[in-house]
Each structure stands twice: as C-alpha cells, then as structure tokens.
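Working notes for the structure below.
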Amino acid sequence: MVNVAAEAARQLDFTELLREHQGMVFSIAYHFLRDRAVSEEIAQEVFLQLYKTLPSLESPAHVLYWLRRATCNRSIDYVRHRRLLPKVNLDDAPELTAAAAPGDPMLSARLRKLVTSLPPKQRMMVVLRYQEDLDPEEIAHVLNVPVGTVKSQLQRSLAMLRDKIERTIGEMNL
Amino acid sequence: MRWIRGVSLSLLLLTAAAAQEIKFPADLASRATESVDVSLPGNMLQLASKFLSGSKPDEAQAKKLIANLKAIYVKAYEFDKPGQYSDADIESVRAQVRGAPWTRILGAQSRKDGETAEIYIKSEKDVIDGLLIIAAEPKELTFVHILGPIDPEQIANLSGKFGIPKLNLTPGRKKD
Amino acid sequence: MSRLEDELRNALRREEPPQGFASRVLARAEAGPAPRRWFAWPPLRWASALTAVAVIAGGLTYERERRMRAEGERAKEQVLLALHITGSKLQFVKEKIHEMDSRR
C-alpha cells in the first residue's frame, strides 16, 4: 500500500512537471534543431529519463536545471552523432506559433535560420540566453563551460548575426 | 458515349480548377535572397484545421477563416537590392486578374518610391470567391492569393489578429 | 545590440510541443519496463513472438501516426504563417492608401 501511494505521488509530481516544462524542453530542442519530429523525440526521451531520475532530484530548481541540461546534451549529441547541420531552408521551416507577437515575421524567420547556422555550442548558448533568458553564469553551469567562454561566444554570435542580417536587409539600427 | 461525357466533364472540371490558380513568375525565388512559398490546397487546409486549437484565440480565428476556403498561396520575396524584379513581373500577375470576374478594390502606386499596393477580389453573383493582394517595395515583393468564399468582414478581421492592427475595409468599395 | 537582442527573444519564443505530447510521454512512462518473471514455457515463447510482432506493428503504427502529426503540425504552421503575411500585407496596403490620400 505504501509503495502504491509513493508511486502515485511520484506520478502526480511527474505529470505536473511534464505539463509545466514541456514547452521549455521542446522549444530548446526545436530552436536548436529546427526539426519538429526529432525535437519531439528528444523531448520525450528527456521526460522519460526524468521519470526514472525524479526520486534523486531535490527541488523544483534542481529539476529545472536538470531538464535544461539533459535537453541541451541530447540535442547537441544528436547533431554531433548525425554530423549534420539542420535544414535551414526557410520554405521547409514552419515558423509561426499561434501567439504571434508583433514584428516582422520574415525577420524572425531569418534570425531563426541564422541561429541554426551557428556551431552547436554557440547555438545552444544563444537559445538559452534568448529563449530561456539565462544569464552567462547560468548558461555556463548548464553547459559545463567557463563563464568567460559563454560571454565571448555570445558576443561573437551576436556580432555575426548582426553582420549577416545587415548584409541582407541593410542597416536596421541593431 | 456516357463515358466520353464523363471524361469530358472531368477534364472540364480540372481545367476550371487549374484556371482558378494564378500563375506567378517562376524565377523570382532564384533572384531573391529570402523567399517564402506557401501552397495550401484544400486537403492541406483541412489537415491544418484538425490541428488548429479551438481554445487558442488566434488558432480558433484561423480555423474559422479557412473552414470554407479552397486554397491559399503566398509568395513572398526579399531581395538584397532594388531592381531585382521588374514591373513586368507584377504585370504578368495583374494581367490575369484584369476584367471580370476580378475587380480591383484598392490600389496605390508610387513610382517614385517604387511601391505598389493592390487588392483584387473575384466575385460571382455577389459572392466573393477569391482574393489577390500585391504588395511591392523596392526590395520586397509579395503575392497573396486566396481561393474560396471569403467574408469581407473576415478579411478586415484578419488584419486585427496575429499582431496586425485592423484594416478599415468597406466591402464593395472601389478605389483607383 | 538591444534591438537585435529583442528580435532574437521574439524569434526564439517558446513554442508548444505538438498536440498530445504530454499524453504520449505519460503513456510511454507508464508502459516502461515493469518487473516480469519469464518461464521457459513454450506457450509463453509463442506469446512473446506474437507480442514482438504486435510491438513492431504498434511501432509502425506509431511511426505513421507520428509522421501524420508532424505533417499536420507543419500544415497548421504554414496556415498561420500565410495568414500572418496576409494580415501584414493588408496593413501595408492600408498604409499606402492612407499616404496617397494624405498627399491629395
């Protein structure tokens, strides 16, 4: 009876965590890989791993850190294992979500495409910074790299993105 | 003889269906630095409709709007400098909607700025059955072609969704 | 750099996973490796062979459904993109008409 109750409690927690964090996990994978089907597979694997690991996690913050780290590692490993750059054809990539924010949809699409062309670690840093709003220290912790590396690579990525955007559509006062 | 009539009817329907589609210049994508090419025939619209959520406002609105549509085509191009497309590219599209059943209902052109903005509707027996938007700027060219019964109110409402301010569009108003 | 960063935040907004994602995860989690005691008993070998066939068939069905979902999600996003561009260009037309009227 005790085991059933504990199992039920674990199920409940897991379900809540799943619903709370599914968007975050899926989005990290998706913005990194730009492939919805693969991103869903990776997100599912992350949550299945969480299901097994949950008893050893100590707090909601620990779960959040764990989920980000697992998603980043699996996404980067997928790219390295496949040795491919994700598809960057604008025509192939469905771009908008239902909650469309104001702004130029084509600029957003181009930016997503340019982000996808960054090397894997840099790309993930940009995703964590601008999707998850993590600061460089938090990104360094998730990706297990020095803070200085995160800061310099983020700066380099922004400079590259700004340069490419301006070359294609002219000065944007970025 | 019946089968000949059946085949003829099928060919006629196919021709009619093909005739509804506007032909857009084929080589614009090769001249553009960025392009968006969305082709959504009826079966894709139906499939999309199943995945549009009724509980999210934008998706619910989109679902309602596409419910009776036959197709949506969007061709959007961005170029790295002016002069990468010509008036002839736009005219080749315009020529296909000149005269009944098409009517230009809104239009503005500035040769000085190199900008063109036009809306055409296709109507038969007071029912709007098609919409064409031509939007041209020096480094950007967009065609939007929607086939099927469109409620002018929905067109006006469209520009109120997806973060775009509302368009004040009076049905039946002609402007040159 | 701030406008570029704002545009990046806009471009990289979180997206919802495909419909039914949570249900699929829960189904897989609940179906996960349960303790079994296998006997070297011929009927169970047949049962396990049939189970293997069912699992493979189920896997193929899952794969087909996954592709259908991916296709449907893609169609949905293409519709939203098309409508967004349409709205944007309607606004462009409105602005040009307004500019023209103002000049008169």
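The values are calculated or read from the model by the stated rules, or taken from the named source; none is laboratory data. What you see is a predicted model, and the numbers here were worked out from it, not measured in a lab. For neighbour counting, all protein chains shown are included, and Cβ atoms are generated from backbone atoms with ideal geometry for every residue, glycine included.
Please determine whether any residue of the stretch A:110-119 is away from chain B (no Cβ under 14 Å), touching a helix residue (DSSP H, G or I) at 6+ places or on another chain (Cβ under 7 Å) and surrounded by 22 or more Cβ atoms within 10 Å (Cβ to Cβ). So far as the stretch A:110-119 goes, yes, one or more of its residues are away from chain B (no Cβ under 14 Å), touching a helix residue (DSSP H, G or I) at 6+ places or on another chain (Cβ under 7 Å) and surrounded by 22 or more Cβ atoms within 10 Å (Cβ to Cβ).
Take the conditions (1) more than 10 Å from chain C (Cβ to nearest Cβ); (2) basic (Lys, Arg); (3) assigned to a helix (DSSP H, G or I); residue B:50 misses just one of them, which is (1). Being part of a loop (DSSP other than H, G, I, E, B), of a type in the set (Ser, Thr, Tyr) and farther than 17 Å from residue C:83 by Cβ is a condition met by at least one residue of the stretch B:66-85. Scanning the stretch B:91-112 for residues that are within 22 Å of residue C:99 (Cβ to Cβ) and either out of contact with any strand residue (DSSP E or B) (no Cβ under 6 Å at 6 or more places or on another chain) or part of a loop (DSSP other than H, G, I, E, B) (or both) yields a total of 4.
All of B:90, B:146, B:121 fail the test of being farther than 24 Å from residue A:105 by Cα and modelled with pLDDT of 85 or more, apart from B:121. Being modelled with pLDDT of 75 or more, aliphatic (A, V, I, L, M), over 30 Å from residue B:140 (Cβ atoms) and assigned to a helix (DSSP H, G or I) holds for only one residue in C:52, C:82, C:29, C:47, and it is C:29. There is at least one residue in the stretch C:74-87 that is under 18 Å from the mean Cα position of the chain (by Cα) and among the basic types (Lys, Arg). The selection criterion, being in contact with a His (Cβ under 8 Å, 6 or more places away or on another chain), under 24 Å from residue B:35 (Cβ atoms) and modelled with pLDDT of 80 or more, does not hold for residue C:4.
Here B:160, B:99, B:114 are screened, and the one residue that is surrounded by fewer than 16 Cβ atoms within 10 Å (Cβ to Cβ) and at pLDDT below 65 is B:160. Scanning the stretch A:56-98 for residues that are closer than 30 Å to residue B:35 by Cα and modelled with pLDDT of 70 or more yields a count of 5. The residues in the stretch B:120-143 that are free of Cβ contacts under 8 Å to residues at least 40 places away in the same chain and within 14 Å of chain C (Cβ to nearest Cβ) can be counted, and the count is 6.
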